[in-house]
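Report on one structure; see the data block that follows.
The values are calculated or read from the model by the stated rules, or taken from the named source; none is laboratory data. Keep in mind that this is a model prediction, so the values were computed, not measured. Every residue, glycine as well, gets a Cβ built from its backbone with ideal geometry; the counts of neighbours run over all protein chains shown.
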Amino acid sequence: MFTGALLAFVCILGTTTVAADDAVKKNAGPLTVTPSGQFRGSWMESRRGRRFQAYRGIRYAEPPVGELRFQPPKPILTYSGEVDATEDGPACPQHAPPGYPVDEDCLTINVYTPHNNSSSKPLPVIFFIHAGGFYSMSGRSDIAGPHYLLDRDVVLVTINYRLASLGFLSLGNKLAPGNNGFKDQVMALRWVQRNIASFGGDPHLVTIAGCSAGSLSVMLHMISPMTKGLFHRGISMSGSPFAKALIPAVQSDLALKQARVSHCPEDNTTALYHCLKPKPWKEVSGSLLGFYEFGYDPLRLWHPVIEKDFGQERYLVEEPMDSLREGRARTVPYIVSQTSDEFFWKAFTILKNKTLLDPMNSEWNRIAPISFILPRNETSDRLARIKQAYLGGHKLVNDETSTRGLGKLYGDSITGFPVHRLANLMCRHSKHPVYYYEFAYVGNHSHYEDSTTKKPLYAAHHDDLIYLFSLSYRYPMIDVSDSHDSKMVDKMTAIWYNFARYGDPNPRDDTPELSSVTWPTMKPGQRNYLRLGQEFSVHQNLSEDRFKLWDELYPIVY
């Protein structure tokens, strides 16, 4: 889109800029001129000391405020004057620590590009869609920091998209058909097509990558009619839209919850819409706790909907599983993954809290569908089979057996089985290679660490991100050394670089870190996966002994 008009990559150092005074000249960051406008960035330094350019906080769409709240994103096609892209924009509305930058005017994009491109060709682009369950996190540099990946010859793009009800309110009518958070992502991808060549990136070599909610988004972009031609590879980490139930046309349950916590009409969707539209964003986004039904469950709240046709540009028009099986998906080379222990930590939050443990035991048939994201009308027979398989049918107690069983149940139900289903559908119906991995490495840090020892226990949900992005909001930088953590950063970034460039993560001459790795594709009759521990090794049939139960309880035609 508009690629013929893309301008050459321009980098103007401070001493050559037309600045008002010598001080500005000396300190000015790089300037890039694109078909849409001029962007003044800043300099950063990678983990290995490589200087790179950072352009942060660029609005890719008009602020979704006022009359644009609950509306599809409105693109910004041109910018007047020089855009200050030296600092991150705020995260989209969510629960955040006091003082953390959050605002409804949040639709921004960050672009990071090497200063000295060692290749004479445009670089592959990695477009990262952040995690957070569609109600938290962002693409800011403290959460998706570029310092590891920019040791590679890639252009990295990170984005914000609207979250929770502000991004995913679905009333099933013309006012709010749904999916605006996904449409924000599409708008950012279109911005990349218009502008990325000027930052040294190849608009014909875009890899979309995401974790958790971002992972689910990547798969759906292969289905959506809105994304044709916008990307060429995909990486889905620990997230899948293919679970135990089909995707609905409306999220009426969440709309009703929002109505209740916001004191809006519950019996009229038009009245609800007009009640929510003028409310302060802090009031709307601050209502998250009112959506939980048991402790902090369900972990997954908002999800995509199949939009009814009201004349709008629709993000999803049919059940994604049908699109894939019937050959209407635009598949691309694909990496799919899950971690070995995903949501194991949820077991601790239940077993160590008597106010949660007792009702989970006494009201299993009511609470299990909430906590494990099952159909709310689930039969007692199915729930008993699940309890027998993971807990031996026994009462939960705060011991090691219950901890491991309940932890595996949380992980398998929320992430493991849906990802299993995704990988198995893709390897059967995609025309392109599918690579599957299990992240089992336990390093010095984790998204869940033992409360006493402050040490990681297992490979948790999101833990592979620790070795791809600098996560300064939580962890120190992993320095270059002979440590296993340092080597894992080198291996993970090499995998992403190879895949973004070649569509194949296997080793090349310029990625010696992977010289001992042979990663076969996944096929229906040979379901290979790569296990990423301190050493990498190839195995088959990832956790299928456990997932067999789920396939029996929730059968589909693969």
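The residues in region 106-158 that are of a type in the set (Val, Ile, Thr), under 21 Å from Arg501 (Cβ atoms) and out of contact with any Asp or Glu (no Cβ under 7 Å at 6 or more places or on another chain) can be counted, and the count is 8. Within region 515-527, the residues that satisfy the criterion of being touching a strand residue (DSSP E or B) at 6+ places or on another chain (Cβ under 8 Å) and either free of Cβ contacts under 8 Å to residues at least 60 places away in the same chain or buried (at least 19 other Cβ atoms within 10 Å of the Cβ) (or both) are Ser516, Val517, Thr518, Trp519, Pro520, Met522, Gln526.
Quick one: would you say Leu166 is closer than 30 Å to Gln312 by Cα, part of a loop (DSSP other than H, G, I, E, B), of a type in the set (A, V, I, L, M, F, W, C) and at pLDDT 95 or above? Taking the combined requirement at face value, the residue does not satisfy it. The condition of being in contact with a Gly (Cβ under 9 Å, 6 or more places away or on another chain), surrounded by 14 or more Cβ atoms within 10 Å (Cβ to Cβ) and either modelled with pLDDT of 95 or more or not small (Gly, Ala, Ser) (or both) holds for Ser543. Examine region 528-536 for a residue that is surrounded by fewer than 17 Cβ atoms within 10 Å (Cβ to Cβ), assigned to a helix (DSSP H, G or I) and not acidic (Asp, Glu), and state whether such a residue exists. Within region 528-536, none of the residues are surrounded by fewer than 17 Cβ atoms within 10 Å (Cβ to Cβ), assigned to a helix (DSSP H, G or I) and not acidic (Asp, Glu).
Go through region 115-146 and report how many residues are outside any loop (DSSP other than H, G, I, E, B) and either at pLDDT below 95 or over 22 Å from Ser42 (Cα atoms) (or both).
First pass over region 115-146, keeping only residues outside any loop (DSSP other than H, G, I, E, B): 123-129, 145.
Keeping just the survivors that are either at pLDDT below 95 or over 22 Å from Ser42 (Cα atoms) (or both) gives 129.
Total meeting the criteria: 1.
When the residues of region 445-468 are filtered to those that are touching a strand residue (DSSP E or B) at 6+ places or on another chain (Cβ under 8 Å), within 19 Å of Ala144 (Cα to Cα) and without any contact (Cβ under 8 Å) to a residue 60 or more places away in the chain, the one that is surrounded by the most Cβ atoms within 10 Å (Cβ to Cβ) is Ser446. If only residues of region 413-438 that are touching a strand residue (DSSP E or B) at 6+ places or on another chain (Cβ under 9 Å) and of a type in the set (A, V, I, L, M, F, W, C) are counted, the one that is surrounded by the most Cβ atoms within 10 Å (Cβ to Cβ) is Val419. Within region 524-556, the set of residues being farther than 22 Å from Ala459 by Cβ and of a type in the set (Ser, Thr, Tyr) comprises just one member, Tyr554. Has region 354-372 got any residue that is part of a helix (DSSP H, G or I), surrounded by fewer than 19 Cβ atoms within 10 Å (Cβ to Cβ) and under 24 Å from the mean Cα position of the chain (by Cα)? Scanning region 354-372, I find at least one residue that is part of a helix (DSSP H, G or I), surrounded by fewer than 19 Cβ atoms within 10 Å (Cβ to Cβ) and under 24 Å from the mean Cα position of the chain (by Cα), so the answer is yes. Criterion first (over 22 Å from Ser236 (Cβ atoms), touching a helix residue (DSSP H, G or I) at 6+ places or on another chain (Cβ under 9 Å), part of a helix (DSSP H, G or I) and modelled with pLDDT of 95 or more) does Gly405 satisfy it? The answer is yes for Gly405.
Of all the criteria given as (1) of a type in the set (S, T, N, Q); (2) assigned to a helix (DSSP H, G or I); (3) within 29 Å of Tyr473 (Cβ to Cβ), the one not satisfied by Ser451 is (2). Taking each residue of region 246-270 that is closer than 18 Å to Leu166 by Cα and in contact (Cβ under 8 Å) with a residue 24 or more places away in the chain and looking for partners that are surrounded by fewer than 13 Cβ atoms within 10 Å (Cβ to Cβ) and of a type in the set (A, V, I, L, M, F, W, C) with beta-carbon atoms closer than 9 Å, six or more apart or interchain, yields Val261/Leu289.
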